[in-house]
Each structure stands twice: as C-alpha cells, then as structure tokens.
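Report on the structure given below.
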Amino acid sequence: MGKHGMTVKKYVRLLAGFVGNTVSVTKFERAFLEMFKAEQGDLDPSYAVLESLFEDVDAFHPNSKLHEEGNVSESVLRELARRALEKLASCKG
C-alpha cells in the first residue's frame, strides 16, 4: 500500500468511528482538524472530499444555543461525515 492509501486510511478510521458513534464529536473535531492541517501527503483524489469536510468541521459549533447562521450542528456534521466516508470509499479504486 502506498503513502496515499495509508494516509486516507487514518481518515477512514476516524470518520467510521464518528459516524458509528464510537468517537465523540469533540474528539472527532479536534483530531480531524489537526490531521488535515498537518497533511503534507498527496491525497488526490481524496483531497477534495477531505477539504470539503474540513470546511464543515470548521463550521461546527458544539453549543447549539450559540449557533449562528452557517454553523453546523452535530447531527448535520455526522451526516456530512457519513457522506464523506462513502465518497472516500469510492476513491479507493
């Protein structure tokens, strides 16, 4: 497995844990943002999927009482993560 596959695999594990409710939203948010900001590998074609999700994670706000227009709720973030996971699975080929 090349560097690309190993790099994408860590995102797939994190997304699967979050979508499956074994990773909390707080842990997911922190881990995803740290991983993506530190990314130096070539993730193409997965990069576009992860970049879009990065924007969604960045728009997440854990306190629903403080939500502003454009913020993403936990339930919406889980759905967006599920979709990203599906897209990453289709990029493996």
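The values are calculated or read from the model by the stated rules, or taken from the named source; none is laboratory data. None of these values were measured; they are calculated from a predicted model. For neighbour counting, all protein chains shown are included, and Cβ atoms are generated from backbone atoms with ideal geometry for every residue, glycine included. Remember, those area values only see protein heavy atoms, side chains included, never the ligands or the DNA or RNA. Shrake-Rupley method; radii C 1.70, N 1.55, O 1.52, S 1.80 Å.
Observations on the model:
- Matching residues in region 1-24 - criterion: being at pLDDT below 95 and open to solvent by less than 30 Å² (accessible area, probe 1.4 Å): Gly5, Thr7, Val8, Tyr11
- Residues of region 35-58 satisfying the condition of being farther than 11 Å from Cys91 by Cα, open to solvent by 70 Å² or more (accessible area, probe 1.4 Å) and either at pLDDT 75 or above or hydrophobic (A, V, I, L, M, F, W, C) (or both): Lys37, Glu51, Glu55, Asp58
- Yes/no for Lys65 being modelled with pLDDT under 90, part of a helix (DSSP H, G or I) and loosely packed, with under 11 Cβ neighbours inside 10 Å: yes
- Close pairs (6 angstrom Cβ cut-off, 6 or more residues apart or separate chains): within 10 Å of Val49 (Cα to Cα) and crowded, with 16+ Cβ neighbours inside 10 Å in region 74-90, modelled with pLDDT under 90 and of a type outside the set (A, V, I, L, M) anywhere: Leu88/Ser46
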